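Below is one structure, written out as structure tokens, with a few remarks after it.
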Amino acid sequence: MADAPEAVLRDALFKLDDCFAKYIAIHNDIFARKLRRIIPIPLLFEKVDYRKRADALQEISDELAYIKETPAILNVDINDVPLGYFITVASEAVAKLQEICLGLTEIASGGTYQWRDYNADCEEYETLAGPFMSFERNFEAVIKLMRKTAAAS
């Protein structure tokens, strides 16, 4: 049976994996090139609720902050990258994506968020999300192994 610190670390890593999965799903949903979003065909047009996605990103951000406070996380490195640093990078990407969603929500309600702001935000988001996406692949491999080991015990 796992001792308490190991179980706390495992649970925190699994929660982190769940946060990342939710974040990636939102990212993919927002930036998907679905025909129903590109061509506004009446009755087939899919309206995107960016406010709902911004709220979900806030929940992810809160969860990441909570997980980062788990003392066991501070001692974990994946491929020589401290997990705390990785969580910080992920939090910044989540916050920028949330900012983009709020801007798009503003447009829908007649606000002042402009195309040039959107483009600048997307460029910054790509800069923030790139390292996260690269590291996440390595993290995912570690989590799969941990889940397999946990299931076998």
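Is at least one residue of the range 37-50 more than 19 Å from residue 145 (Cβ to Cβ), modelled with pLDDT under 90 and in a helix (DSSP H, G or I)? Within the range 37-50 (the criterion being more than 19 Å from residue 145 (Cβ to Cβ), modelled with pLDDT under 90 and in a helix (DSSP H, G or I)), the answer is yes, since at least one residue qualifies. Is one or more of the residues making up the range 114-128 in a strand (DSSP E or B) and under 22 Å from residue 19 (Cβ atoms)? Checked the range 114-128: no residue is in a strand (DSSP E or B) and under 22 Å from residue 19 (Cβ atoms). The residue that is farthest from the chain's Cα centre (by Cα), among those in the range 79-129 that are of a type in the set (A, V, I, L, M, F, W, C) and exposed (fewer than 13 other Cβ atoms within 10 Å of the Cβ), is 115. Please go through the range 72-106 and pick out each residue that is at pLDDT below 85 and either of a type in the set (Val, Ile, Thr) or over 19 Å from residue 146 (Cα atoms) (or both). Within the range 72-106, 73, 76, 78, 81 qualify. Looking at the structure I just gave you, is residue 85 among the aromatic types (Phe, Trp, Tyr), closer than 18 Å to residue 32 by Cβ and either out of contact with any strand residue (DSSP E or B) (no Cβ under 9 Å at 6 or more places or on another chain) or assigned to a helix (DSSP H, G or I) (or both)? The answer is no for residue 85. Would you confirm, using the coordinates I've provided, whether residue 110 is in a helix (DSSP H, G or I) and more than 16 Å from residue 27 (Cβ to Cβ)? In short, no.
For the range 117-153, a residue qualifies if it is modelled with pLDDT under 85 and small (Gly, Ala, Ser), and the qualifying residues are 134, 141, 150, 151, 152, 153. Identify all residues within the range 123-145 that are more than 13 Å from residue 92 (Cα to Cα) and out of contact with any strand residue (DSSP E or B) (no Cβ under 8 Å at 6 or more places or on another chain); write none if there are none. 123, 134, 136, 137, 140, 141, 143, 144, 145, listed by residue number.
The values are calculated or read from the model by the stated rules, or taken from the named source; none is laboratory data. Every value quoted in this text rests on a predicted model; they were computed, and no experiment measured them. Counting neighbours? That spans all protein chains shown, and the Cβs are built from the backbone with ideal geometry, glycine included.
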